[in-house]
Amino acid sequence: MTDKPDFDKLKKSGYISQGNPEFFVVRLRVPAGLLTSEQMIEIGRIAKKYGNGSLHITERQGIQIPYVRYTSLGKITEDLEAIGTPPGSCGPRVRNITSCPGMPECSHGNIGTYELAKKIDDLFFNVDLPTKLKVSVTGCPNSCAKPQVNDVGIMGVVKPRVELNKCTSCGICVRTCREGAIKPLNEKISFDFNRCVFCGDCIRVCPTDAIEGEKKGYTIFVGGNVGRHPRFADKIVTFGNEDAVFKIIDNCIRVFEDEAISGERLGHLIDRIGIGEFVKKIL
């Protein structure tokens with residue numbers, strides 16, 4: 001380490017100066033918030049060795065170690081990299097990818113969220129941008145990972161289809177549907193896809209397997225953020241495939257790099273140029 005800290009360069013790599021500039025917070029890269037118990041134990045040991053023994057779990061499923069002296073940043077980085085939790089970025093770049101548990105852990109999950117979040121992290125983490133860009137992956141329309149308030153949000157969805165010869169008109173799916181999208185029809189059922197949010201709950205509760213998934217995919221949102229000027233994301237794709245997810249993130253980054261004003265979030269760029277024009281550029 002040099003004698004005089006380059007705070008901007010350090011922040012890019014996950015080292016954030018505290019109110020007392022003698023100390024730094026070290027932010028760890030933890031895609032989807034996934035850690036093993038062994039890593040947790042070692043992170044605690046490292047926090048005691050280089051900090052004051054405390055940890056902070058961030059809003060984006062990362063971990064921060066505070067009260068690390070500047071002279072210890074090199075050594076703590078070596079120890080963190082050795083256990084697979086290197087320092088992560090902050091500042092104007094792609095941030096830690098967040099995720100809900102998804103399937104098979106969550107009974108509502110439609111997709112393997114951890115796997116997708118890890119792929120996104122491998123492809124896009126720490127790409128430099130005019131300002132920060134946040135990506136989240138959620139397993140179903142319950143939206144536990146808040147895709148509507150991230151710059152890019154991905155949601156797992158499934159479209160139901162009924163095999164009428166298997167339907168016994170038990171009514172369980174009708175009572176389960178929170179959207180009122182399933183109606184009795186001639187002693188069977190029918191779907192109102194104007195109301196269906198493609199959560200898949202009806203598929204999971206059907207006792208005769210009369211309802212099955214016709215297709216699975218990803219609903220993709222762009223332009224959400226919270227902060228001082230919050231914005232709800234625009235839904236631009238329903239039932240996209242995995243390649244579409246990667247293509248849209250890549251194209252969002254490209255347009256963001258080319259057209260954003262410094263400090264402008266993706267959603268505010270969309271407001272400035274119009275959602276129609278933005279969608280043309282990324283699709």
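FYI, it's all coordinate maths here, none of it is from the lab. The structure presented is a predicted model; accordingly, all values stated were derived computationally and were not measured. All Cβ positions, even for glycine, are placed from backbone atoms using ideal geometry, and neighbour counts span all protein chains on display.
Note down the magnitude of the dipole of the stretch 7-82 about its Cα centre, charges +1 on Lys and Arg C-beta and -1 on Asp and Glu C-beta and zero elsewhere, to the nearest 20 debye. Could the numbers behind the result be given before it?
Working: 11 positive and 8 negative charges, 33 e Å.
It works out to roughly 160 debye.
Towards the positive end of the charge dipole of the chain, with charges on Cβ (+1 Lys, Arg; -1 Asp, Glu), say which of ILE111, LEU35, PRO230 has the farthest Cα.
PRO230
Given only helices, namely DSSP H runs of n ≥ 4 each adding -39500 (n - 2.57), what is the per-residue ellipticity at 222 nm of the chain, to the nearest 500 deg cm²/dmol? Before the final figure, lay out each step's value.
On the way: 9 runs with 86 residues, N = 283.
Helices in the chain give a 222 nm mean residue ellipticity of -9000 deg cm²/dmol.
Which pairs, out of LYS159/LYS183; LYS247/LYS281; LYS12/LYS119, put more than 19 Å between their alpha-carbon atoms? Numbers along the way, then the final one.
Numbers: LYS159/LYS183 16 Å; LYS247/LYS281 12 Å; LYS12/LYS119 21 Å.
In this structure, LYS12/LYS119 lie more than 19 Å apart at Cα.
Mind checking the dipole of the stretch 200-282: about its Cα centre, +1 per Lys or Arg Cβ, -1 per Asp or Glu Cβ, Debye to the nearest 20? If you can, show how the numbers build up before the last one.
Working: 12 positive and 14 negative charges, 53 e Å.
Dipole magnitude for the stretch 200-282 comes out near 260 debye.
What ranking do 232-244, 99-111 get when scored by the average of other Cβ atoms within 10 Å per residue, highest first? Intermediate results must be reported in sequence, preceding the final value.
Details: 232-244: 15.5, 99-111: 18.8.
Those peptides, ordered most packed to least, come out 99-111, 232-244.
Quick check on the exposure proxy: order CYS206, CYS196 from fewest to most C-beta atoms within 10 angstrom. Mind showing how you got there, number by number?
Values: CYS206 22, CYS196 18.
Fewest-to-most ranking of CYS206, CYS196: CYS196, CYS206.
Give me the net charge for the shell around LYS75: Cβ to Cβ below 12 angstrom, other residues only, Lys and Arg +1, Asp and Glu -1.
Details: positive: LYS49, ARG69; negative: GLU78, ASP79, GLU81.
So the environment of LYS75 carries a net charge of -1.
Enter the per residue convex hull volume of the stretch 7-82, computed from alpha-carbon coordinates, in Å³ rounded to the nearest integer.
Values: hull volume 6.9 nm³, N = 76.
Given the Cα convex hull of the stretch 7-82, per-residue volume reads 91 Å³.
Whole Å is fine, so just give me how far the alpha carbon centre of the stretch 45-75 lies from that of the stretch 88-105.
For the stretch 45-75 versus the stretch 88-105, the Cα centre distance is 19 Å.
Of the options SER136, GLY240, HIS268, report the single residue whose Cα projects farthest towards the positive end of the charge dipole of the chain (beta-carbon charges: Lys, Arg +1; Asp, Glu -1).
It is HIS268, whose Cα lies furthest towards the positive end.
For LYS134, give me every one of the aspartates and glutamates with a C-alpha distance below 14 angstrom, ignoring sequence neighbours fewer than eight places off in its own chain.
Partners found: GLU59, ASP121, ASP151, ASP250, GLU264.
Would you order LEU34, LEU266, LEU116, LEU10 from fewest to most other beta-carbon atoms within 10 Å of each residue's own beta-carbon?
Values: LEU34 13, LEU266 28, LEU116 22, LEU10 19.
In increasing order of surrounding Cβ atoms, one gets LEU34, LEU10, LEU116, LEU266.
May I ask you to evaluate 6.51 cos²θ - 1.76 cosθ + 1.60, the Karplus curve with θ = phi - 60°, for each residue of the stretch 96-107 and list the ³J(HN,Hα) values in order in whole Hz, giving x for glycine and proline?
4, 7, 9, 7, 7, x, x, 7, x, 5, 8, 5
Under 4.7 Å Cβ to Cβ, no partner at all: give me those cysteines from the chain, in residue order.
Lone cysteines by the Cβ rule: CYS90, CYS106, CYS140, CYS167, CYS170, CYS177, CYS196, CYS199, CYS206, CYS252.
From Cα coordinates alone, what are the radius of gyration and Dmax values for the stretch 135-202 in angstrom?
14.4, 45
Once you charge only the Cβ atoms, +1 for Lys and Arg and -1 for Asp and Glu, what is the size of the charge dipole of the chain about its Cα centre, to the nearest 20 debye? Mind dumping the intermediate values first?
Numbers: 39 positive and 34 negative charges, 104 e Å.
Roughly 500 debye, rounded to the nearest 20.
Using packing as a proxy for protection, rank 137-144, 221-228, 76-83 so that the peptide with the highest average count of other Cβ atoms within 10 Å comes first.
On the way: 137-144: 23.1, 221-228: 18.2, 76-83: 16.4.
My ranking of the peptides, most packed first, is 137-144, 221-228, 76-83.
Quick check: net charge around GLY153, other residues with Cβ under 11 Å of its Cβ, Lys/Arg +1 and Asp/Glu -1? Can you show the working numbers first?
Working: positive: LYS134, LYS146, LYS235; negative: ASP151, ASP234.
Taking every Cβ under 11 Å from that of GLY153, the sum is +1.
For a protection proxy built on the mean count of beta-carbon atoms within 10 angstrom, sort 87-98, 161-172 highest first, please. Mind dumping the intermediate values first?
Details: 87-98: 23.2, 161-172: 13.3.
Going from most to least packed, we get 87-98, 161-172.
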